[in-house]
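Peer 1: Just dropping this structure here.
The values are calculated or read from the model by the stated rules, or taken from the named source; none is laboratory data. Treat the numbers as computed from the prediction; the structure is a model and nothing was measured. Please note: Cβ atoms are built from the backbone with ideal geometry, for glycine as well, and neighbour counts cover all protein chains shown.
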Amino acid sequence: MAWSAADVPDQSGRVAVVTGANSGLGLETAKVLAARGATVVLACRDPKRAETAAKEIAAQGGSTELLALDLASLESVRAAAAELRDRHERIDLLINNAGVMVPPYGRTADGFELQLGTNHLGHFAFTGLVLDRIREVPGARIVVLASLAHQMARGGMNFEDLHSERGYNRITAYGRSKLANLLFAYELQRRLEASGAAAVALAAHPGYSSTELTRHLPRVLQPANRLLVEPFFAQPAVMGALPTLRAATDPQARGAQYYGPSGFREMRGAPEPTRSTRASHDAAAQRRLWAASEELTGVSYPV
């Protein structure tokens, strides 16, 4: 029988942090976790939209907290991590969901290419700064949201030009940021396991989900996406959130597993364990990205 939100076990007494929880996949993920009894921390860049999301969840009887987090600013990441640590002695779930997709070339407040800086480096820093609140919690999980687009990371990570200073292709850069998400998740799990931690790290992808992330698609692609791709291949955000929810809550899930939709080319359908590319399992690339991420963010992990 297909896995659904109804299979999410009781989350009472647990603290779940969801980045980018004010809309789309993050909001749908937060709704389900709150409905199952978790206290959900909505870690969002836009406070007004976060408040709207909190009211929507509260109207359904869920419990939330707001946390200001701009992943494109290490100053914001450090402040958010410090505030979260002050509030909670333990964190049961950390869902690294927020991201940007194929925008024009831009840089974060710290000079990183916008997609790599937001999708990977911001989450790398935030996770490392709160890891001691998660690491020894029984049943704790860190879920990193990847994408089918990691398959478009031509040639793998370009370590010689991580910030696309020598040339920028928005689709390739997005693919590399999503490949970075997987390299991070797998290396984090290896380190957690080697250190004897109770927490585990997993990854998920939402297939092709209809969310506002596609707003930055090049204009030439937008009509085809709106008229042909979304009506026939996309699934609503409520379905796109299921792989994340399964990775986060399925009692049978294990560290380093990767969940995605089970339908045609993994674009839609019920969530199941799946496989990522060979490039994502390159142990040398995982270690190299980890070292580069520590250097760029100034965040070292206690594992």
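Peer 1: It is to be established whether one or more residues within segment 144-166 are at pLDDT 95 or above, of a type in the set (D, E, K, R), under 30 Å from Glu266 (Cβ atoms) and part of a helix (DSSP H, G or I).
Peer 2: Yes - at least one qualifying residue is present in segment 144-166.
Peer 1: For segment 14-35, state whether one or more residues are among the hydroxyl-bearing types (Ser, Thr, Tyr), under 18 Å from Val238 (Cα atoms) and over 14 Å from the mean Cα position of the chain (by Cα).
Peer 2: Taking every residue of segment 14-35 in turn, none turns out to be among the hydroxyl-bearing types (Ser, Thr, Tyr), under 18 Å from Val238 (Cα atoms) and over 14 Å from the mean Cα position of the chain (by Cα).
Peer 1: While we're on this one: Condition check: modelled with pLDDT of 95 or more and over 13 Å from Arg141 (Cβ atoms). Does Thr244 satisfy that?
Peer 2: For Thr244, the condition - modelled with pLDDT of 95 or more and over 13 Å from Arg141 (Cβ atoms) - is not met.
Peer 1: Right, another one. Scan segment 165-187 for residues that are within 22 Å of Val299 (Cα to Cα) and hydroxyl-bearing (Ser, Thr, Tyr) and jot them down.
Peer 2: Result: Ser177, Tyr186.
Peer 1: Pairs only if they're at least six apart or on different chains, beta carbon under 6 angstrom, first in segment 183-198 and acidic (Asp, Glu), second part of a helix (DSSP H, G or I); list them, first residue then second.
Peer 2: Glu187/Gln286; Glu187/Trp290
Peer 1: Additional query: Tell me yes or no: at least one residue of segment 229-241 is at pLDDT 95 or above, assigned to a helix (DSSP H, G or I), under 21 Å from His123 (Cα atoms) and among the β-branched types (Val, Ile, Thr).
Peer 2: No, segment 229-241 has no match at all.
Peer 1: Could you check how many residues of segment 140-158 are surrounded by fewer than 19 Cβ atoms within 10 Å (Cβ to Cβ) and either closer than 19 Å to Val299 by Cα or free of Cβ contacts under 8 Å to residues at least 24 places away in the same chain (or both)?
Peer 2: Result for segment 140-158: 4.
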